[in-house]
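Engineer: I am attaching a structure below and will ask some questions about it afterwards.
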Amino acid sequence: MPEDVPRIVWQPDPEVAGRSRLAAFTQWLGAERGLPAADYAALHAWSVRDLEGFWGAVARFFGVRFHDPPAAVLTRRQLPGARWFPGATLNYAEHALAPGPGKAHDDVALVFRREDGAREELSYGALRAQVAAARAGLRALGVGVGDRVVALAPNCPQTLVAFLAAASLGAVWSSCSPDFGARAVHDRFSQIEPAVLIAVDGYVYNGRHVDVRPTVEGLRAAIPSLRETVLVPYTASALEGTLTWDELLGDRGAGLAFDAVPFDHPLWVLYSSGTTGLPKGIVQGHGGIVLEHLKSLALHCDLGPGERFFWFTTTGWMMWNLLVSGLLVGATVVAFDGSPTHPTADTLWGLAEAERVTYFGTSASFVQACHKEGLTPGADHDLSALRALGSTGSPLSPEGFSWIGEAVGERIQICSVSGGTDLCTAFVGSAPTVPVWLGEISCRCLGAAVEAFDAAGRSVVDEVGELVLTEPMPSMPVMFWNDPDGSRLRAAYFEDFPGVWRHGDWVRITPRGSCVIYGRSDSTLNRGGVRMGTAEFYRVVEGFAEVADSLVIDTSGARAPGPHPSGTPTSATRTSGPHPSGAHASATRTSGPHPSGAHASGTRQADAAGPEGELLCFLVLAPGAVLADVEPRLRSALRAELSPRHVPDRFVVIDEVPRTLNGKKSEVPVKRILTGTPVERAVSRDALLNPDALEVVCELARQAPSTECP
């Protein structure tokens with residue numbers, strides 16, 4: 001049965017919505033193309049029905065600078081294999097830096113803040129001059145069209161300058177955050193055989209200065225294609241045998257130019273998580289990113305001249321690429337490097353106040369953390385400039401929506417979005433003319449033919465299904481690196497539904513056109529035939545003040561860890577030290593069910609899981625919390641709010657949830673380890689932010705016969 005319609009937590013002001021860039025685009029379509037002004041639903045339907053008309057209109061409305069005009073908008077309308085704007089040439093950096101509205105010489109292009117108080121501001125004029133000098137420096141090093149330039153650098157001005165300089169030459173960019181481990185960086189960069197490495201000497205995080213020079217030296221020795229390494233003195237250190245940043249920018253009088261490249265010429269290489277092997281190099285093109293980011297930032301985020309656009313991100317996450325694209329629309333990019341909670345939990349809200357941020361982007365986990373800390377940014381800071389708050393990375397819970405309205409401001413538009421590195425954009429998100437319903441993403445994005453498919457490949461509404469894209473988008477990967485026949489790309493997205501992109505998320509599309517994401521479809525909780533996304537589970541569990549973090553694993557579909565053949569009960573004991581609460585992190589099975597029918601604290605029948613496997617909930621408890629105190633209430637809440645089948649068989653206290661380098665919970669690798677996959681095949685430890693967090697998982701797996709977990 002369809003769910004009740006949730007309450008509206010934000011409603012567009014008709015006057016403000018009427019001044020939005022989306023409204024201007026809609027009016028322009030009426031005047032130029034004869035399309036009647038309609039509501040958002042009608043506009044979206046047209047945008048995915050007439051792909052040529054829509055994307056051609058985006059290019060014309062935003063004045064895309066083609067050096068050579070396209071012969072068509074789209075040929076071979078198929079997935080995979082669509083070809084966009086054949087014959088066209090252009091350059092991303094030209095769109096970011098060419099004069100236009102909001103880009104006068106003295107207009108502010110970038111505001112940079114570091115956790116230790118360092119601040120820098122670059123005007124568009126100063127940014128152009130530095131990019132011109134860096135371009136000349138890279139050319140002097142022999143960098144040209146198609147060469148790769150990589151950066152081990154934080155979200156700082158030098159990284160932006162280097163990226164735009166490389167793009168202006170038609171070189172291919174790739175970046176990693178300097179907190180990545182040496183092996184993780186090598187696994188990414190070595191694949192693409194870079195010519196030049198831009199690296200910082202160190203970085204600042206949580207009050208500490210971290211020396212990165214050993215990693216830089218290791219990369220220089222291990223990547224034979226490197227012709228030069230440029231060292232940015234981020235923490236005032238040096239490294240013998242490298243070129244300094246000032247030396248690279250030695251020609252301060254260089255003129256700025258842009259090499260025209262084909263529409264699908266590689267702009268940058270992003271990477272998959274790499275948790276189960278070498279990270280896949282995801283290549284996106286100049287033209288596809290220009291069009292998609294113009295559409296996304298201008299029409300959906302309503303960004304333009306006078307706006308200050310912030311997103312908390314590192315250079316290893318696609319949100320950095322989206323953030324710097326704020327330059328395409330003439331906005332001021334606000335960049336921050338450091339811990340979001342140093343020296344206080346409201347550091348980023350202080351930044352929003354000081355820099356007059358208008359669009360504040362973050363993650364759902366950050367919103368949840370602020371909620372649990374009891375922060376009240378709207379009362380404690382002057383956020384009068386702020387009009388929208390973006391959230392991504394994981395589904396934003398209804399409690400997160402409510403906290404934003406109550407603690408940040410009810411006038412703030414809640415822009416919960418979901419997409420992926422694969423397209424470097426969101427395909428469900430917000431729009432300035434569409435309301436926000438509690439716990440829901442407002443709409444499917446223009447040009448994104450998002451549907452929910454059932455197992456038979458039928459489109460369903462108001463039912464949970466696989467999130468798919470039934471039509472091509474310009475920012476879809478032009479290829480995977482080192483995938484000459486396209487077989488790896490096809491296997492990643494097109495094996496389940498031929499001709500349709502399967503993204504790997506569970507989604508429900510409501511009759512209103514809004515969307516709810518339920519988590520990854522390959523980590524679904526399937527209990528007695530009742531499927532449920534992990535996001536619903538986390539919403540309940542992490543709503544408890546005693547729970548700092550959690551990970552839920554359903555071992556259904558493969559052998560689950562169980563008792564030894566002798567029937568001896570098993571236990572999982574944390575080996576990394578006592579929990580701050582002082583409680584011992586052990587989970588023990590007993591031989592019988594609780595008289596009430598519910599599982600008793602930490603217990604289950606040894607054979608109760610059966611072929612369905614176990615449902616395990618790993619908990620990171622807040623300081624002072626004790627599992628015995630909170631577990632009965634967790635069980636009760638999960639039973640009432642989800643279903644009796646979704647009450648875990650066991651709770652296991654751990655110090656940390658294993659997370660990828662981009663901070664996402666490692667659900668699938670943990671499930672693979674627990675169901676018998678050798679750890680070295682289940683996950684690459686170098687792809688994890690905290691590989692030691694796997695130890696408790698391995699300890700559980702060791703107790704099951706034939707599980708190889710060294």
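The values are calculated or read from the model by the stated rules, or taken from the named source; none is laboratory data. Given the structure is predicted, the values throughout are model-derived calculations rather than measurements. Note: ideal-geometry Cβ built from the backbone for every residue, glycine included; neighbour counts use all protein chains shown. All accessible areas refer to the heavy atoms of the entire protein, side chains included, with ligands and DNA or RNA removed. Shrake-Rupley method; radii C 1.70, N 1.55, O 1.52, S 1.80 Å.
Engineer: For the range 621-675, what is the accessible area per residue in Å² when the probe is 1.4 Å?
Structural biologist: Working: 2020 Å² over 55 residues.
Spelled out: the 1.4 Å probe surface of the range 621-675, per residue, equals 37 Å².
Engineer: Another question, if that's okay. Could you state the accessible area per residue of the range 393-468 in Å², with a 1.4 Å probe and every protein chain left in place?
Structural biologist: Values: 2160 Å² over 76 residues.
On a per-residue basis, the range 393-468 sits at 28 Å².
Engineer: With every protein chain kept in place and ligands, DNA and RNA left out, what is the accessible area per residue of the range 50-155? Probe 1.4 Å, answer in Å².
Structural biologist: Values: 3950 Å² over 106 residues.
Spelled out: the 1.4 Å probe surface of the range 50-155, per residue, equals 37 Å².
Engineer: In addition: Return the lysines within reach of Lys295: Cα separation strictly under 25 angstrom, same-chain partners fewer than 8 residues apart disregarded; answer none if there are no such residues.
Structural biologist: Lys103
Engineer: List the GluC sites (Glu not before Pro) in the range 185-266 that DSSP assigns to loop (not H, G, I, E or B) and whose Cβ has at most 10 other Cβ atoms within 10 Å. Which are they? Could you put the intermediate results ahead of the total?
Structural biologist: Details: sites: Glu217, Glu228, Glu240, Glu247; in loops: Glu240.
Counting only loop positions with at most 10 other Cβ atoms within 10 Å, the GluC sites (Glu not before Pro) in the range 185-266 are Glu240.
Engineer: Once amide H atoms are built 1.01 Å from N in the peptide plane, which residues 5 or more positions from Thr313, or in another chain, come under 5 Å H to H?
Structural biologist: Those lying under 5 Å, H to H, from Thr313 are Phe336.
Engineer: Moving on to the next point. For the chain, what does the relative contact order come out to in percent, with C-alpha contacts under 8 Å and a separation of six or more? Before the final figure, lay out each step's value.
Structural biologist: Details: 1568 pairs, mean separation 84.3, N = 710.
Here the relative contact order equals 12 percent.
Engineer: Moving on to the next point. Given the rule -39500 (n - 2.57) for each run of at least 4 DSSP H residues, summed and divided by the residues of the chain, what is its mean residue ellipticity at 222 nm, to the nearest 500 deg cm²/dmol? Display every interim value, and only then the final one.
Structural biologist: On the way: 22 runs with 193 residues, N = 710.
Here the helix-only value at 222 nm equals -7500 deg cm²/dmol.
Engineer: On the accessible surface of the chain, probed at 1.4 Å, how many percent belong to carbon and sulfur atoms? All intermediate terms of the calculation are to be shown ahead of the outcome.
Structural biologist: Values: 13160 of 25970 Å².
C and S fraction of accessible area: 51 percent.
Engineer: Also, quick follow-up: Going 7 Å from the Cα of His67 toward and past its Cβ, which residues in the range 282-296 have a backbone nitrogen under 18 Å from where you end up?
Structural biologist: 285-291
Engineer: While we're on this one: Taking H placed 1.01 Å from N in the peptide plane, check which residues at least 5 places from Ser363 or on another chain put their amide H under 5 Å from its amide H.
Structural biologist: Correct list: Thr392.
Engineer: Once you sort the root eigenvalues of the Cα gyration tensor of the range 227-299 as a ≥ b ≥ c, which label holds: rounded (a/c under 1.5), prolate (a/b larger than b/c) or oblate (the other case)? The partial results should precede the final answer.
Structural biologist: Details: a/c = 2.29, a/b = 1.32, b/c = 1.73.
Oblate, because a/c is 1.5 or more while a/b does not exceed b/c.
Engineer: Let me ask something else. May I ask you to order 446-453, 621-628 by the average number of other C-beta atoms within 10 Å around their residues, highest value first?
Structural biologist: Values: 446-453: 22.0, 621-628: 15.9.
By packing density, highest mean first, the sequence is 446-453, 621-628.
Engineer: Within 13 Å, Cβ to Cβ, of Gly486, how many net charges do the neighbouring residues add up to if Lys/Arg are +1 and Asp/Glu are -1?
Structural biologist: Working: positive: Lys280, Arg488, Arg490; negative: Asp483, Asp485, Glu495.
The answer is 0.
Engineer: If you restrict to DSSP beta bridges whose two residues both lie in the chain, what percentage is antiparallel, to the nearest 5?
Structural biologist: On the way: 60 of 101 bridges.
Here the antiparallel bridges make up roughly 60 percent for the chain.
Engineer: Out of (1) 54, 41, 18; (2) 50, 25, 24; (3) 41, 30, 25, which label holds the value of semi-axes √(5λ) of the Cα gyration tensor in Å that was computed here?
Structural biologist: Here semi-axes √(5λ) of the Cα gyration tensor in Å agrees with entry (3).
Engineer: Check the straight Cα-Cα distances from Lys664 and name the lysines below 25 Å, setting aside those fewer than 8 residues away within the same chain.
Structural biologist: Answer for Lys664, where 25 Å is the Cα cut-off: Lys280, Lys372, listed by chain and number.
Engineer: If you don't mind, another one. What do you get for the angle between helix 51-61 and the principal long axis of the chain? Use alpha-carbon atoms, 0 to 90 degrees, nearest ten.
Structural biologist: With rounding to tens, the tilt is 50 degrees.
Engineer: Which residues' amide hydrogens lie under 5 Å from the amide hydrogen of Val464, considering only partners 5 or more residues apart or on another chain, with H built in the peptide plane?
Structural biologist: none
Engineer: Still on this structure: Using only Cα atoms and rounding to the nearest 10 degrees, what angle (0 to 90) does helix 364-373 make with the longest principal axis of the chain?
Structural biologist: 60 degrees
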